[in-house]
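What follows is calculated from the coordinates using simple rules that are stated; it is not laboratory data. This is a predicted model, so every value here is computed, not measured. With ideal geometry, Cβ positions are generated from the backbone for all residues, glycine too; neighbour counts draw on all protein chains shown.
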4 protein chains.
Amino acid sequence: MLPSRPGINVIYSSGGLPELNSPYLICGFPGSGYVGKMAVDHLIEELHAKHLADIYCTSFPPQVLIRSDGTADLMKNTIFYSKNGGSNISLLLLTGDSQPGNPDSEYLLAEEILDIAAKFNTSHVFTLAAYITGVFVEKPRIFGTATDTDIVTSFGDRNISTMDGGSITGMNGLIIGCAKLRGIGGTCLLGETSGYVVDARASKSILDTLLSIVGVRVDMKNLEQRAKDTEMLIQTIEQQMAGRMGQQQQSSTTNRPSDMGYIS
Amino acid sequence: MLPSRPGINVIYSSGGLPELNSPYLICGFPGSGYVGKMAVDHLIEELHAKHLADIYCTSFPPQVLIRSDGTADLMKNTIFYSKNGGSNISLLLLTGDSQPGNPDSEYLLAEEILDIAAKFNTSHVFTLAAYITGVFVEKPRIFGTATDTDIVTSFGDRNISTMDGGSITGMNGLIIGCAKLRGIGGTCLLGETSGYVVDARASKSILDTLLSIVGVRVDMKNLEQRAKDTEMLIQTIEQQMAGRMGQQQQSSTTNRPSDMGYIS
Amino acid sequence: MLPSRPGINVIYSSGGLPELNSPYLICGFPGSGYVGKMAVDHLIEELHAKHLADIYCTSFPPQVLIRSDGTADLMKNTIFYSKNGGSNISLLLLTGDSQPGNPDSEYLLAEEILDIAAKFNTSHVFTLAAYITGVFVEKPRIFGTATDTDIVTSFGDRNISTMDGGSITGMNGLIIGCAKLRGIGGTCLLGETSGYVVDARASKSILDTLLSIVGVRVDMKNLEQRAKDTEMLIQTIEQQMAGRMGQQQQSSTTNRPSDMGYIS
Amino acid sequence: MLPSRPGINVIYSSGGLPELNSPYLICGFPGSGYVGKMAVDHLIEELHAKHLADIYCTSFPPQVLIRSDGTADLMKNTIFYSKNGGSNISLLLLTGDSQPGNPDSEYLLAEEILDIAAKFNTSHVFTLAAYITGVFVEKPRIFGTATDTDIVTSFGDRNISTMDGGSITGMNGLIIGCAKLRGIGGTCLLGETSGYVVDARASKSILDTLLSIVGVRVDMKNLEQRAKDTEMLIQTIEQQMAGRMGQQQQSSTTNRPSDMGYIS
């Protein structure tokens, strides 16, 4: 095994690398609304994905997280894998506690993760992100950008709104940007979310879209339940806000801040 | 001797390394209330611990500290050792002027310190920290987290409150987190303190708990005296605050801010 | 090909390096008013300059930029080259999305760019910058500083105002400063601009001056059109400001903040 | 010549290193009131000191400084040397445009400078700093700290007030702190200054003290003239402040802020 980049430490599960057939890499980094991370964590659970490697980085926040059983662990990213039963489709699933705290380390971690995926001949990478609008909506839209025009062209068929400007900051952007330079395809899907709550509804929307692209099916029951919880939370907030607005200015009936449209 | 990590310079006492029998490493980094550092400094003094090594780091604040005799020294961490007379228990005792000023260097220093302990086959590491509550209490509680569930299980017998969430930031967290990845056990003990004063009372509490775990006894007279000084200082502050409150609102007789519960 | 500096990745166009006869290196980094970048981008377009190399740097902002066709790319600097038809003058033309986010990386990138230019025996480097004054002027002046007194002496003939103090920060300064240490000549030309708008008029002025120095001619039509747009934008702003001033204090008819004179 | 530390580039004058007999290293870094730098620049001028080496550092501010003749140079530190005629005393004199912008680089530069001095068997290092009090005084005091008690002991004879606490931040502290670890003696002399003006009077005081220690004499005329200018500037400021105070509250006749006592 080659040594990792400075400040990055990859610890593989014992027993050697599994054989995977050019798996998709699907990344759910922690970010606004936990949209991406929640979707990937759901996939890991429902697919009974197996542990591949932990990735430690000295630019993660310098702390241990305490679990409910009282034990403490360094912050890390973790890659799981799934051969997905009889089908031909295998997946690498990345989830994590944190993104690195400075630009140089974000680039290094993106390259390190792609090195790991390259061991299995990954040819396409997905990052799942949040599209922050500052408003609550009935049905969250899915936005997308990609490394190649033929991927972008396919967005229309899948009800993905193609972004045509701006930027994707952090690991969700860097992973697909660095992938492109290696000749690996990359797609960033962004679930519309207010940015005010942990948004399982946006998470479910983005996962539905992803699964239809990669051709994998999983039980969505648990995530749907959490999406319903999100919906109720949003309704409660909207009612409270409407109430407060009503007290302040009786003529106003809606409380929709204008679209902020930034990405996280 | 292997070269140290970049930016870290370890200078051992001349005369070769001592023979130590799998010593505990006990760390008292400077932090809120000087709870941990004061406890370890007391141990060093009472055990007549011997100097092992100075650790310099280019991420310590770029300055010299001026001593009362007019001489100046770079900031450093220092490890002492104690064979503790006839007993079988030996200790590595770390005290210091500072923690590094950025996350990457905190991780590096944690690994460097563990490398030093590994030369002596240390199998368990303790870090002594402060649990900041923002209130003055009669009897400071001791909180704890550890690398392994069997350590956590033993907390109850020793009147240690097990933490079940949150994080431990800085060297106190990283040392046990990095230890865990090497298969070395780690415990972080946190003494409850207001965060407003240098708190020798919390320091004494945490040292009592530590000594009962490692099975070492030391004369506590000096630290008890300092703990009494802390107690008087707190009483003075409380009386002044009560006086000021009385002037402001006659009905109020206590001045206890709510529990802030953060760690340092 | 020698490996690049840490954090910098240079990817050359396939097909080997072109043969260039000691080309001038002309740098248009993004900065205030896009004065330099717009001038170099115009040169690249009008000279049909060819792609030489992309330069990636882990201290560029950690993000991908989304293009109008929906595809995303890492931030980068790019060097083009032009042999300029039958004449003897060849050019290296640097344009980019960003400057590095910290001083150390700015120095490293400056050295890397000069290494690339050195492959072609470049003996003189130009950086095109903005001279921010905070005021709108009819005819933007050109300011200059250089590595050698004989270059400075020639400024008078070309209507360039010689700077006699202050500093040039960022890549525009470092490139000529680092060039000087290698025995390569360097000139920084600065176009006067308000700093309030993307200023194609300052861009055209600086390009006129540059072209007269290097002895290259290009069609200026497109940039002249953009300069006219800038002029109209400025007139609109001035009229609005005059209007607002008129409402506030009827006796005031101009709104010229005093010269701020800083460089970017 | 060994390669320099990462980010540091030392360029020696051509013609080989001079032969110097264990010279004192005297450092005048830029800082508050330019107290140290002005003193060393005066020494360099009056001793007709010769250029030894320029030191460039990628953590100096990323900019070029423009000189009055219109030429631009990277920021640097420079070491000059003086054999001082017939006497046995030789000097290394360090002056500079800047100190590095981050702690790690400050440590690295301190070590690099000491490496250069070590080539000539320097056994003692002086740093000249400012002791900021926030008040104007008739006769600035000289404060001192050192690496060894025997140096501190000698302070009394030379009218140097020994510091007995606090810290010296930046290069002035690190140079003597790092020297101590190499077995090289170090003294930091600090000239009392208000911190409000470029203070040639404090500069002259500290230089008088330094010269009496190292046993070198130089013509002080130019620095005395500048010290008189400082005195007049201070008197003007004091009169203006007294005038303003008189308008505000007629009973007040002095305007002395309390001693701030920090070091720079």
Confirm whether B:THR127 is buried (at least 20 other Cβ atoms within 10 Å of the Cβ), closer than 27 Å to B:ALA200 by Cα and touching a residue at least 24 places away in the same chain (Cβ under 8 Å). yes
For residues that are in contact with a strand residue (DSSP E or B) (Cβ under 6 Å, 6 or more places away or on another chain), more than 15 Å from C:MET232 (Cβ to Cβ) and acidic (Asp, Glu), tally how many sit in segment C:188-208. 1
Checking the structure you have, find out if any residue of segment B:75-83 is in contact with a Phe, Trp or Tyr (Cβ under 9 Å, 6 or more places away or on another chain), of a type in the set (Val, Ile, Thr) and farther than 28 Å from A:MET75 by Cβ. no
For residues in segment B:125-155 being more than 9 Å from every other protein chain (Cβ to nearest Cβ) and polar (S, T, N, Q), which is nearest to B:MET241 (Cα to Cα)? B:THR133
Look through C:SER87, C:SER13 and report the one residue that is away from chain A (no Cβ under 13 Å), free of Cβ contacts under 8 Å to residues at least 60 places away in the same chain and surrounded by fewer than 17 Cβ atoms within 10 Å (Cβ to Cβ). C:SER13
What do you reckon, is A:THR122 among the hydroxyl-bearing types (Ser, Thr, Tyr) and either in a helix (DSSP H, G or I) or within 14 Å of chain B (Cβ to nearest Cβ) (or both)? no
Residue satisfying all of: in segment A:156-177; within 7 Å of chain C (Cβ to nearest Cβ) and hydrophobic (A, V, I, L, M, F, W, C); farthest from the chain's Cα centre (by Cα) among these: A:MET163
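Does B:THR95 satisfy the condition of being β-branched (Val, Ile, Thr), in a strand (DSSP E or B), surrounded by fewer than 20 Cβ atoms within 10 Å (Cβ to Cβ) and under 19 Å from the mean Cα position of the chain (by Cα)? Even if it seems obvious, please write down each step before you answer.
Details: β-branched (Val, Ile, Thr): yes; in a strand (DSSP E or B): yes; surrounded by fewer than 20 Cβ atoms within 10 Å (Cβ to Cβ): no; under 19 Å from the mean Cα position of the chain (by Cα): yes.
Criteria not met by B:THR95.
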Sole exception among (1) β-branched (Val, Ile, Thr); (2) more than 14 Å from chain A (Cβ to nearest Cβ); (3) within 28 Å of C:GLN225 (Cβ to Cβ) for C:ILE66, by number: (2)
Residues of segment B:101-119 satisfying the condition of being more than 14 Å from chain A (Cβ to nearest Cβ) and assigned to a loop (DSSP other than H, G, I, E, B): B:LYS119
Odd one out for A:ASP54, checked against (1) over 26 Å from A:ILE206 (Cβ atoms); (2) within 14 Å of chain B (Cβ to nearest Cβ): (1)
